[in-house]
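Working notes, structure below.
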Amino acid sequence: MVLSSYQLPKYHKHSIRIHSYEVDFNQKLTVTALFNYFQEIAWEHAHILGYGFEHLLQKGLFWVLSRVEAEIYRLPQWTEQVTLLTWPRGSDGIFAFRDFEMYDESGKRIIAATSSWLVLNAKSHRPVRINWFSDFDFAQRNALGRNAARLLEAGGVPDFSEKIGVRIGDIDMNQHVNNVKYIDWAYNTFSIDHFKNFYPARVAVNFNAEAKAGDILAISRFQEQNGESLVDITSADNNKNLCRLMFSWKKIS
């Protein structure tokens, strides 16, 4: 199926040229920029379909990202033209699913991802059921063939740890830490030498609780026996897990 066949309302796509401020020292797209792309196109498509930020706010509700998982076959480089595609994939209980794919100029799929979202009550911040979401005529496609993974707690002693404070620039329009900030904090626990040799072939993120301005967070990175890296971001006050992330690596050829 060619990209031109993916059309509204089931699908939404952006043509993107990779900017200099979205790449790292390897001139490759950063993971944080990638996940910002996912977040932005998801908001935009939801708005087009009539259940975006403003629509839910009128009902005293708002969307939150619960889990996201991406497989990266190749990271695009500076000035490269790519197409980002997204589509909603139905729901199960309180979770709504949305998938993403990125294609290069030749039409080759270079990134695939899936995400799970919740709708929260604006006053109680408790999840609400989204029976209305099932009324949409969804695309019958699954980018990864599965839903985003639930990540389990790591064992042992971390090989890296630090504490940071949440600052005003970390806060989004829902008055808590922006989703991508957690990914950025986890990503920056690795050295520049690591990224000279490896790139993230798989990234999975579980958003478990919200952090707010002024909070102190503890970041711990664990090396798993299979070579994966697991990062826990917790509240330094009560050790409550806020976000758990997993990175799988591939050698840069």
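For Asn208 and Trp132, the FRET efficiency from 1/(1 + (r/R0)^6), where r spans their Cβ atoms and R0 equals 22 Å, is about 0.30. Take every Cα pair under 8 Å whose residues are at least 6 apart in sequence, average their separation, divide by the length of region 149-253, and the relative contact order is 35 percent. The ranking of Ser66, Ser134 by Cβ neighbour count inside 10 Å, starting from the fewest, reads Ser134, Ser66. The residues Met173, Met102, when put in order of fewest to most other Cβ atoms within 10 Å, stand as Met173, Met102.
Per-residue ellipticity at 222 nm, computed for the chain from helices alone with -39500 (n - 2.57) per DSSP H run of at least four residues, works out to -4500 deg cm²/dmol.
Taking 25 Å as the limit for the C-alpha separation, the pairs Lys181/Lys240; Lys10/Lys123; Lys212/Lys251; Lys163/Lys212; Lys10/Lys181; Lys13/Lys212 exceed it in the case of Lys10/Lys123; Lys212/Lys251; Lys10/Lys181; Lys13/Lys212.
Treating r as the C-beta distance of Phe53 and Lys250 and R0 as 51 Å, the FRET efficiency rounds to 0.90. Length gained on full extension, Glu224 to Asn188: 11.2 nm, using 0.36 nm per residue less the C-alpha separation. If R0 equals 25 Å, the separation of the Cβ atoms of Asn121 and Asn239 corresponds to a calculated FRET efficiency of about 0.40. Counting other Cβ atoms within 10 Å as a rough exposure proxy, the listed residues Glu80, Glu224 run Glu224, Glu80 from fewest neighbours to most. Based on Cα contacts under 8 Å between residues 6+ apart, region 1-148 shows a relative contact order of 25 percent.
Laboratory data are not the source of any read-out in this text; all were calculated from the coordinates shown. Small disclaimer: the values here were computed from a predicted structure and weren't measured. As a convention, Cβ positions derive from the backbone with ideal geometry for all residues, glycine included, and neighbour counts pool all protein chains shown.
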